[in-house]
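Q: Sharing a structure here in structure tokens format.
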Amino acid sequence: MTKTFRHRALTALALAASILPIAAQAQDKPAPISESEVRAHIAVLASDEFEGRGPGSAGETKTLDYLAKTWASYGLVSGTNDATHPWFQPVPLVERKPYAQAVSATVRGKPLKLAEDGVALSGRNPTDRATGEPLFVGYGVGADGKLNADVKGRIVLMLSAEPKFEGAVKLPGLRDRQKLLAQAGAAAVLITAPDGAPWAGLRAQLANGSMRLASDDVSAPIGGVLRSDVSEPLLRAGRVTAADAARPDFAPVTLPVTLDLATSTTVRAFESHNVIGKIPGAKPGSGAVLLLGHWDHFGICRSEEAEDRICNGAVDNASGMAVLLTVAERLARGAPMERDVYFMGTTAEERGLLGAYYFADHPVVPLKDIVVALNVDTVAIAPAGAPVALVGRGENGLDEIVDRIATDLGRKVDSDKEANAFIRRQDGWALGAKGVKSIMAGGSFSDMALLQAFLTTVYHQPDDELTDKVPLGGAADDANLHVELTRHFADESKYKPATTGD
Ligand SMILES: [Zn+2]
């Protein structure tokens, strides 16, 4: 994002504020949010003009501009609580895309043929190279969770499966083990392809590149994944198997094959943004309600020869942002609420909840003051009248409240915990991990067959577009549900958190 953009956007915001009535007075209960209101916002956000809302693209500029201006037109004010960065919270990111690699192997000076299409490398710098005999470290850590070898300057081969040692405490996951090896100075960290992951998909994902928070940008100069027909001959050469790594007396083994690895990578550090608006509460100091959804999607996601190159993300998650816009409109012109109500569009959710993690580390209000976070993601799945499911059911003591409000609206409640399968796959997870009561309530996660039909077809593809077939009845229902949920949680007399700060 350039400064020019911000200045232009701010001028436009100031203009919008001056010509529109500031917060409207309390009125009679407004009509329920309709499908057509939700559709109008999706139509803009998922249009080709918005280029699939890729972080750091022209589509980001248009998306942020639309969200902030629309919220401002309803009477919301900036929610960043930072006069130097009104509306937009900068989120520093680093993106890397590998575009070339070279792999060769020799045994005692003689070439060893490895299937090069079974190796997918990624580099940290524009060019990286590593040469040497790889050290097979098994899981990379022992039962104490600490690194099991001196890996400085080495090419390391590690199993991607989660380590299981008898009597061990919770051991670090794959990404954390990769980070430990990188921090210990490994020249390259190669992992075995995870079991059951189709190689073509894995490779496409790696070719797509990685995006990380600049504050979490830890990796070895070269990373890579090896298909089993590449990793197994290497292990055989060292007379070791994957099963050996699970033994308590396992010691890392140098594999007597000299590898020469080289990568070329496009590296780009840039600022993306969370966009945050606020309806100030009538009772300062009484806490805050946070509604959030991710504005980003995959942008221009296909190569030049493809007929449709844009991943528009109509359902994922233009639909959720449309709900946050319509809910803000209704709440801003309704009766005043006691608590501050924040509306946030997060960036880079698709690349690992990055905007939400950044916010959790740099919240605009102390996290302990956020009485609840309501995440809205992928809502245009179910028809009108779908039961309300809860991602996060049983996790934070809010089930009864949500169930009662849903029932009062005439909706059925889906009380099984199936929806919790998605708990780690949504922005609320980043806040929940830091102790914020976080839920995702709605109809999309009540019918697993409908949801799977979406996930196995257009999900994350250029076909996630707004058509007449996209059901918006459930999205409108969920918008109305969130008006009532927010009104409830924003009222101190109706909802008091069990522990009121410190
Ligand atoms: Zn997604």
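Q: Could you grab the relative contact order for region 96-267? Cα pairs under 8 Å, six or more apart, rounded to a whole percent.
A: Result for region 96-267 is 43 percent.
Q: Send over a whole-number figure in Å² for the accessible area per residue of region 395-502, probe 1.4 Å.
A: 49
Q: Identify all lysines with a Cα-Cα distance to K437 below 28 Å; exclude those on the same chain that are fewer than 8 residues away in sequence.
A: Qualifying lysines at Cα under 28 Å: K170, K278, K283, K368, K412, K417, K494, K496.
Q: Something else: Mind ranking 387-399, 82-94 by how tightly packed they are, going by the mean number of other C-beta atoms within 10 angstrom, highest first?
A: 387-399, 82-94
Q: While we're looking at this one, here's another question. If packing is taken as the mean number of other Cβ atoms within 10 Å per residue, what is the order of 449-457, 435-443, highest first?
A: So the peptides 449-457, 435-443, ranked by packing, come out 435-443, 449-457.
Q: Suppose a student asked you for the relative contact order of the chain, using Cα pairs under 8 Å spaced at least 6 residues apart; what percent would you report?
A: With pairs under 8 Å counted, the relative contact order is 20 percent.
Q: All other residues with a Cβ under 12 Å from the Cβ of Y66 taken together, and with Lys, Arg as +1 and Asp, Glu as -1, what is their net charge?
A: It works out to a net charge of 0.
Q: Still on this structure, please answer the following. For region 300-323 and region 79-108, what is the centre-to-centre distance using only Cα atoms, to the nearest Å?
A: Taking the Cα centre of each part, region 300-323 and region 79-108 sit 21 Å apart.
Q: Something else now. Between Q183 and Q205, what is the label-point separation in nm under the 7 Å Cα-to-beta-carbon projection?
A: 2.4
Q: In the chain, what % of DSSP beta bridges are antiparallel (nearest 5)?
A: In the chain, DSSP labels about 65 percent of beta bridges as antiparallel.
Q: Students often forget the sequence filter, so: which lysines lie under 21 Å Cα-Cα from K97 once same-chain residues fewer than 8 apart are removed?
A: Result set, ordered by chain and number: K179.
Q: When ranked by the protection proxy of mean other Cβ atoms within 10 Å per residue, highest first, what sequence do the peptides 151-161, 232-242 form?
A: The packing order, highest mean first, is 151-161, 232-242.
Q: Could you work out what % of the accessible surface of region 280-489 is carbon and sulfur, using a 1.4 angstrom probe and leaving DNA, RNA and ligands out of the count?
A: It is 50 percent, rounded to a whole number.
Q: To continue, here is another question. I'm checking a number: the convex hull volume of the Cα atoms of the chain, normalised per residue, in Å³. What is it?
A: It comes to 161 Å³ per residue, whole-number rounded.
Q: Starting from the Cα of K164, draw a straight line to each of the lysines and keep only those under 17 Å, dropping any in the same chain fewer than 8 residues away.
A: The qualifying lysines are K146.
Q: To continue, here is another question. Grab the other residues whose beta carbon is less than 14 angstrom from that of V44, score K and R as +1, D and E as -1, and report the net.
A: -2
The values are calculated or read from the model by the stated rules, or taken from the named source; none is laboratory data. Nothing here was measured: the structure is a model prediction, and the numbers come from that model. Cβ atoms come from the backbone with ideal geometry, glycine included; neighbour counts cover every protein chain shown. Protein only, heavy atoms only, side chains kept; ligands, DNA and RNA dropped before computing areas. Shrake-Rupley method; radii C 1.70, N 1.55, O 1.52, S 1.80 Å.
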